[in-house]
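Notes to accompany the following structure.
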Amino acid sequence: MKLLDPNMIPDPPKEKKKIGRKILAVLLVVWFIKYLITSNLFEREPPQIEIDEVKYWNLSKPIKLKISDNYAIKSFRVAIDNGDGNLITYRDGHFQEPKVKSVDINISLPRNSKFRNNYTVIRVEATDFSNWNFFSGNKVTYEETVIVDTVKPTISVVNSSYGIRRGGAATVIFKVDDGANSNLADVYIETTTGKKFIPQPFLEGGGKYYISLVAWDLRDVTFNGKIVAKDRAGNVATTGLNLYLKEKRYKLSNISLKESFLNGKIATLASTHEKSEYTDDVVEYFKIVNEDIRAENEKLITEKTTQIDRNEVITDFNLNPFKPLKGAISVASFGDHRKYFYHDEFVSEANHMGLDLASVRRAPIIASNKGKVVFADDNGVYGISPIIDHGLGLFTLYGHCSSIRVHEGDLIDVGHIIGNTGKTGLALGDHLHFGVYVQGVPVRPEEWMDKVWIKNNVTDVITNAKKIIEKTE
């Protein structure tokens, strides 16, 4: 075998060497590009600024600010303008090494700080440690104009009813002044139980004078109300309702349940509720009707009778006394607290939230005042029971109808026949359950059937308030 002389092996072609160098160069370029993309030293994401969304500021709480970066913060500056266009540094920071990834700042100023034109500009700037942008780093700027308002609105009662009875209603007219800022956000009347009555603009729009009916729920031991005005900066003003409180005692009735009633009306109504599938006990049927179904029915009534247009301007509220049935007599009182017994054992209880009136069978129910029908259907224990909105948060309900001649959305006038009396729902005999509600709270129908009471507590309150406003404006 003949061995080859190493000196006889030819050198690799020059072209192969050039290709190898090109591949190496490409790999180096790819590596470098990848390094630029993935390295924190050349990251391109700017710092993040998180700040409370504050359009109005009363200086009582600090504005929370957070500056963060996915690599590290190099510098930041928070500046505040006092309203004259000159930014003054509130806080700044410069870091020598890339160690700080986030900074939390609470921007707070003394309550007595002065701001020209009642506004300030908050400007935030931040730069990270990246070498991007020709080694100058990624930079972010945030600027927000904030209205500064440290003054509470003022509230003054213009006129109101003299007093209110438990289970009754009253009228309140008041003025809210938010000064030159005019940043009013919400106005309402709140009772000790947390119930809120929404007032409506009185005489003019734009929010200055307000009017509202208020009610003392008969289920509340006492009544105390206050007017609340809040502006957008969070300033809150309150003033009490100076109403004389008069107690009203309501009847307590003990009622023995009869077998015929339990096996008739009660069994029929209970069968509509899912709970009835799990019992055959007539006493349980009664509890389902009197507690579960009644609660659902009253929830619907509350929803329908709290609908109010808070932007509707009220100039007058003239009412006729409500007389829904001609020649009617009262057969059950409003506020009657009923306790039910079966074989002398207590079963359940409920408050009667209307006035029961009776005359003749299928007697026509006549509208005493104009209004809008907001409900016209069957509602469990109340039977077929249309509800009418008369404005200013006042609603009337007509329960146990045998038939009705109105539809939801109808506008009715005085004298319109709403329907006919009957015994639908939880009624044993033909009668009308007449209910009156003030923004969801059931109140004594007798007050709204009394011409003198309406004059003293509604009409005259409005008339005299107009005279007071005319003198002061």
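What follows is calculated from the coordinates using simple rules that are stated; it is not laboratory data. None of these values were measured; they are calculated from a predicted model. Ideal geometry is used to build each Cβ from the backbone, glycine not excepted, and the neighbour counts take in all protein chains shown.
Trypsin sites (Lys or Arg not before Pro), restricted to segment 253-353: which are DSSP loop and have at most 16 other Cβ atoms within 10 Å? In loop regions of segment 253-353 (DSSP not H, G, I, E or B), the sparsely surrounded trypsin sites (Lys or Arg not before Pro) are LYS258, ARG310, LYS326. Distance between the 7 Å Cα→Cβ label points at ALA295 and GLU345: 2.2 nm.
Restricting segment 49-131 to GluC sites (Glu not before Pro) that sit in a DSSP loop and have at most 14 other Cβ atoms within 10 Å of their own Cβ leaves GLU53. With contributions of -39500 (n - 2.57) from each DSSP H run of at least four residues, the per-residue ellipticity at 222 nm computed over the chain stands at -4000 deg cm²/dmol. What residues of segment 124-155 lie in the reach of a label at GLN96, counting those whose backbone N is under 18 Å from a point 7 Å from the Cα along Cα→Cβ? The answer is 129. Would you mind pulling out the separation of the Cα centroids of segment 138-215 and segment 39-95, in Å? Using only Cα atoms to place each centre, the spacing works out to 35 Å.
Between ILE329 and ILE198, the C-beta separation translates, for a Förster distance of 41 Å, into a calculated FRET efficiency of about 0.65.
Given a Förster radius of 30 Å and the C-beta distance between ASN254 and LYS451 as r, what FRET efficiency does 1/(1 + (r/R0)^6) yield to the nearest 0.05?
Numbers: r = 35 Å, r/R0 = 1.17.
Efficiency computed from Cβ-Cβ geometry: 0.30.
Proximity of backbone amide H atoms, modeled 1.01 Å from N, is registered between GLY225 and LEU241 at under 5 Å, excluding neighbours fewer than 5 places apart on the same chain.
Angle check, please: helix 460-472 long axis (alpha carbons) against the longest principal axis of the chain (alpha carbons), in degrees 0 to 90, nearest 10. So the helix axis and the longest Cα principal axis differ by about 50 degrees.
Using a 10 Å cut-off on Cβ atoms, rank the peptides 378-388, 127-137, 237-247 from the highest mean neighbour count down.
Highest-to-lowest ranking by the protection proxy: 378-388, 127-137, 237-247.
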